[in-house]
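Peer 1: Below is the structure I would like to discuss, written out as structure tokens.
What follows is calculated from the coordinates using simple rules that are stated; it is not laboratory data. As the structure is a computational prediction, the values presented were derived from the model and not from experiment. Every residue, glycine as well, gets a Cβ built from its backbone with ideal geometry; the counts of neighbours run over all protein chains shown.
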């Protein structure tokens, strides 16, 4: 992803916006699901996105001291938008979109390294890039479990009907 055409401020604001949106989606999904293991993983992902947001805000404040953080409604930076899904959308489809967003975020953080100063910041962004791919793998594993359940539910619609 070529980030050289964007200002550092636009990049950091886009990152914050993306982390907030991702956290909201994961937290909302965690509230909706009944499976305790899936709820735990989604809550974990939401907390990870919150930590990323906090760190990016620190970078923004260091580079633009005294400026209020105002997130744009739309960002010029090409990051996938992750929105809170309608409850009628299959969870496996929601996870597919979330995986795409995590993969794009990983690439974004990897390429953002070239736009910032400071070896500690660069190292942390590379860690974020790796963490986003970890999130991708978590979502991928859970998506496979969800698909199995969705397929089972479709094949055996009356499975819970007793004698």
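Peer 1: Per 0.36 nm of contour for each residue apart, how much would the distance between residue 130 and residue 71 grow if the chain were fully extended, relative to their Cα-Cα spacing?
Peer 2: 18.7 nm
Peer 1: Gain in length, residue 86 to residue 149, computed as 0.36 nm per residue apart minus the alpha-carbon separation, to one decimal in nm?
Peer 2: Here the answer is 20.7 nm.
Peer 1: For helix 36-63, what angle does its Cα long axis make with the longest principal axis of the chain, in degrees from 0 to 90 and rounded to 10?
Peer 2: The helix 36-63 is inclined about 10 degrees to the chain.
Peer 1: Still on this structure: If I build a Gaussian network model for the chain, linking alpha-carbon pairs within less than 10 angstrom, which residue out of 62, 41, 110 has the largest mean-square fluctuation?
Peer 2: In the Gaussian network model the winner is 62.
Peer 1: Moving on to the next point. Which value at 222 nm does the chain reach when only helices count, each DSSP H run of 4 or more adding -39,500 (n - 2.57), with the total divided by all residues and rounded to the nearest 500 deg cm²/dmol?
Peer 2: -24500 deg cm²/dmol
Peer 1: Could I ask something else about it? Alpha carbons only, please: Rg and Dmax for the range 1-116, in angstrom.
Peer 2: Rg and Dmax of the range 1-116, Cα atoms, are 14.9, 44 Å.
Peer 1: Name the residue, out of 106, 18, 47, whose mean-square fluctuation peaks in a Gaussian network model built on the chain with Cα pairs under 10 Å.
Peer 2: Maximum fluctuation in the GNM of the chain, among the listed residues, is at 47.
Peer 1: Against the longest alpha carbon principal axis of the chain, how many degrees, from 0 to 90 and to the nearest 10, is the axis of helix 119-155 turned?
Peer 2: 20 degrees
Peer 1: For helix 91-112, report the angle its Cα long axis makes with the longest principal axis of the Cα atoms of the chain; keep it between 0 and 90° and round to the nearest 10°.
Peer 2: Taking Cα atoms only, the helix is inclined about 20 degrees.
Peer 1: Given the C-alpha centroids of the range 15-31 and the range 51-90, what is the distance between them in whole angstrom?
Peer 2: Using only Cα atoms, the two centres lie 10 Å from each other.
Peer 1: Label points 7 Å out from Cα along the Cβ direction at residue 54 and residue 140: separation in nm?
Peer 2: Computed distance between label sites residue 54 and residue 140 equals 2.9 nm.
Peer 1: Can you tell me the relative contact order of the range 8-155? Whole percent, Cα pairs under 8 Å, sequence separation 6 or more.
Peer 2: Relative contact order for the range 8-155 comes out at 25 percent.
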